[in-house]
Amino acid sequence: MHKLAFALAVPAAVLFSAAQALACGPRVEINFYEDGGGDVFEIVNKSQENWAVKSLVLSLSGSSGRLIFDTDGGGLGASMYQPFSAGASDVGFEGASPVTDGGEVVALRFSAFTPGKTFTFYVDVDDRLVESRYGQAMVTDEEIQGATGEAEMVHPSGESLRASGAFGRDGKAIIGGGGLCT
């Protein structure tokens, strides 16, 4: 084989191998966005196979900003508040545990949260830091770092499993990740 032809063939083979190594199995991403009208949690089922999210528990305990839900005026949070509210979706949202003012945990249940679908909910989140970068009412990506999510995933075969992950400095948590496609 000519040296130039070999040099061009190697990168193509490397790209093919990388494409084969896509994550399979259950994978859920949770994105946190600070919003002036309330904070947003966007949950996306990014599973490559037919894994559905049956339940998801989001825990703010362990976050670097010592975050809490601010759902009641005059309660533990700073300035404005917003109770939990689910966005429109087609994931079979069955409900959430009570999201209490000053609480750190919410549990969500679903009946049809299949791959490719997104569920969004809104709730005010505040930090409890004495020296907060933008004040306690505004949460940064760095302040949610360390908060966790745990999902119960089910497969049409009847198999179920639990996967967990933590928020990073980018305001995103990856739950699961699956194995390698073969």
Worksheet item: What list do you get for Phe167, Phe84 if you sort them by fewest beta carbons within 10 Å?
Response: Phe84, Phe167
Fill in: R0 of 35 Å, Cβ-Cβ distance Val40-Glu94: FRET efficiency to nearest 0.05
0.95
Fill in: Order of Glu131, Glu150, Glu159 under a 10 Å beta carbon neighbour criterion, fewest first
Glu131, Glu159, Glu150
Worksheet entry | Placed amide H near Lys117: partners under 5 Å, 5+ positions off or other chain | Asn45
Practice prompt. Enumerate the calculated ³J(HN,Hα) couplings along region 153-162 in order (Karplus 6.51 cos²θ - 1.76 cosθ + 1.60, θ = phi - 60°), each rounded to whole Hz, writing x wherever the residue is Gly or Pro.
Written response: 10, 10, 10, x, 6, x, 5, 9, 7, 10
Worksheet, complete the sentence: Quick note on Ser64, Ser160, ordering by fewest other C-beta atoms within 10 Å, gives Ser160, Ser64
Worksheet item: Ordered by residue, what ³J(HN,Hα) values in Hz, to whole numbers, does region 167-177 give under the Karplus form 6.51 cos²θ - 1.76 cosθ + 1.60, where θ = phi - 60° and Gly and Pro are x?
Response: 6, x, 6, 9, x, 10, 10, 10, 10, x, x
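Readers should treat all values here as calculations from the given coordinates under stated rules, not as data from a laboratory. On a predicted model such as this, the values are computed, not experimentally measured, just so you know. With ideal geometry, Cβ positions are generated from the backbone for all residues, glycine too; neighbour counts draw on all protein chains shown.
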